[in-house]
1. Please report, for the Cα atoms of chain A, the Rg to one decimal and the Dmax as a whole number; what are they, in angstrom?
2. Using 0.36 nm per residue of separation minus the Cα-Cα distance, give me the extension gain between A:M171 and A:S136 in nm, one decimal.
3. Starting from the Cα coordinates of the range B:187-280, work out the convex hull volume and express it per residue in Å³.
4. What is the average number of partner chain Cβ atoms found within 10 Å of a Cβ in B:175-188?
5. Can you give the angle from 0 to 90° between the axis of helix A:109-121 and the longest principal axis of chain A, with both taken from C-alpha atoms, to the nearest 10?
6. Roughly how many nanometres apart are two label points built 7 Å out from the Cα toward the Cβ at B:F135 and A:E234?
7. In Å and from the alpha-carbon atoms only, list the Rg and Dmax of the range A:147-237.
8. Place the peptides B:78-90, B:192-204, A:223-235 in order of packing, highest mean first, counting for every residue the other Cβ atoms within 10 Å and averaging per peptide.
Amino acid sequence: MLAITDAGVCLGGCDILQGVNAEIAPGEFIGVFGPNGAGKSTLMRGILGLIPLCSGTISVLGEPPGRANSLIGYLPQSRASLTGTALTARSLVSAVEGGNRWGMPWNSRAARAEVERVIALAGVEEYADRPFSVLSGGEKQRVALAQALLGQPRLLILDEPLASLDPRNQMRMVECIAKIKTTTGATILFIAHDVNPLLGVMDRVIYVAGGRAAIGSTNDVISSATLSKLYGAEIHVVRAEGKIFIVAAEGNVTEAAHHD
Amino acid sequence: MSRKPRTMIEQIHYYLSYDFVRNALIAGSLAAILGAVVGYFVVIRKASFAAHALAHIGFTGATGAALFAVSPLEGMLVISVLAGVIMGTAGNRLQRSDLAIGMTLSFCLGVGTLFLILYKGFAGQATAILFGNIFGVSHLQIVQTLFLSAISLGIILLVSRKLLFVSVQPNLAEARGVSLSALSIVFMAILAISVTLASQVVGILLVFTLIIGPAGIATRFCRNFWSGLTTSVVIGLMAVWSGILLACFTSWPPSFWITTILFVLYLITETVCRFAFRME
C-alpha cells in the first residue's frame, strides 16, 4: 500500500526529516504522532507528492508520490473559512466532487449519488442542509471528512481531525473513522496530538520527532526507550488508568509536555 | 409616487430614445453581469481587498494613459491586469496580506497623482475616472466592453469548477492535481478586467459596489453555488438598471443611486440573516 524507504524531506534547504522507513499494509490504521513542527504534515505532503523528497523513495499503491492521488483522500489541517456565507455543508461537498475538471460545477446524477454516499458515511446527514458557517468545530471537521471520502479513496490521510475538538467530539470522530475503516477497508494515516483517543482503534504508530520517525506497535514506539532516542533527551512514558502519558524529564527540553 | 404608472412608463420610453441612456444601460448591464459572477468568487475567496486595490491601481493606469496619449480604458486595463497577474503569481498569501496590498495601492495612488499634475488640464476628467461616467460611454467603448466581458465570462465559466474547488478546499484541491497558482493568476487577471469595466459604470472609488455588493448580498442567504450566482447577477442587473433610470428621473448621479440601492439591500439582508442564523 505505502512503502517509505530511507526518505528525507527538506524545505527551503532545511532538513525536516531524514531516514524515514515505513511499510504499511492495506487496511492498516496508523496513528501519526509527534510534537508541533516535527514534520508530521510535511511527511504527509511528501506522500501526496506536494513536496519533493531530497533522498530515498516513497511508493504509494506502487506508484511514485502524486501519481495515485485520485485514490487518496486527504483531510488537510487548515480549512478555507467561509464565515458569513450561507453555503450549506452539502453544497461544499458537491463543490469538491469532480472539482478538478474543467467547465461549470454541474453534477451528474452519479456524482450527486456519490455526494450523498459520503455524507452518509461521514455522518453529516443531520446538518447537511444547514449553512457551513454556523456549524460547530466538530461538525465542520465531519464535512471535511466527507470531502476527503469522495472518489472512494483506498488511503485516507487525516491531518489532525481532532484539533480543537472537546473530548466527547474527539471520541465521536474516532468512532466515525473506525467505522469508515471497517466499511470501506481503506488504509488510514491519522495525525493526532494525543495518543489516548486512538488507543483502541489503531494498529500501529508512527512517531515523528527530532528529524526522524519510528514505526511499530504502540507499546514498542510509545516507550521511554524509543522516545528518548528520538528526542535525544530523557523522556518518560507513564501508563496509568489505561492511558498513556508522555513526560519530559526536564520540563522544557521537548514539546512532549503537550501530551498531557 | 404621485405619478400615475402610465406617465412613468412614458417617461422611461422617452429616456430610452436617447442614445446615451441606451449605451449606459448596455455597458452597465455587461459590467453588472461580469461583476456579479467574478464577485461571487471574490467573496468566497475573501479577496475583496485585492479587488479594491486593483481599482485604485487602475487609477494610475488611467491617469498615466492620458500622459502617454492612450485612452483611459486601455491604460487602466493594462496596469490593473499587470498588477492582477503579479498578485496572482505571488499567490494566496499576498492576496490576503493587507499590508502588502495596502502599501502597493497607496504607492500607486501617489504615482497616479503625479501623472495628474504632469498632465495639466486632465484634472476635470479625473472626476469621471474616480466616480464613473456611465452617460459618457461611447459606441467604441460599448464594443470594447462587450468583447472584454464575453472573453472574461467565457474563461471564468471554463474554470469555475476548479475555481470553486480551490476556493472551498485549497489543500485538497492541490492534492487532487489542481494548480493553485495557475488558477490564481487567471482569476486575478479576470478580476482586473472586471474591475476596469465596472469602473466605467460607477468609477474607481465605487467599483467595490458592483463586484462585492451583489455577490456579497447573495452569498449571505443563497445556500448553493448556482442559486448564489444567479441571485448575484439578478441583484447586479436590477441595481444598475434602476440606478440609471433613477438618475434620469432625478438628475442625481447614477453612481449614487447604484451604491445606495446596493447598500440598502445589504442592510436589509444583513439584518434578516442575523436574525435567521440565530434561529438555526
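Where a number appears in this text, it was derived from the coordinates with a stated rule and is not lab data. Since the model is a prediction, treat every value here as computed from it, not as a measurement. Note that each Cβ is placed from the backbone with ideal geometry, even for glycine, and that neighbours are counted across all protein chains shown.
1. Values for chain A (Cα only, Rg and Dmax): 18.8, 60 Å.
2. 11.1 nm
3. About 100 Å³ per residue, rounded to a whole number.
4. 3
5. In chain A, helix A:109-121 runs at an angle near 40 degrees to the longest axis.
6. 8.6
7. Taking only Cα atoms of the range A:147-237, I get Rg and Dmax of 14.4, 45 Å.
8. Descending packing order for the listed peptides: B:192-204, B:78-90, A:223-235.
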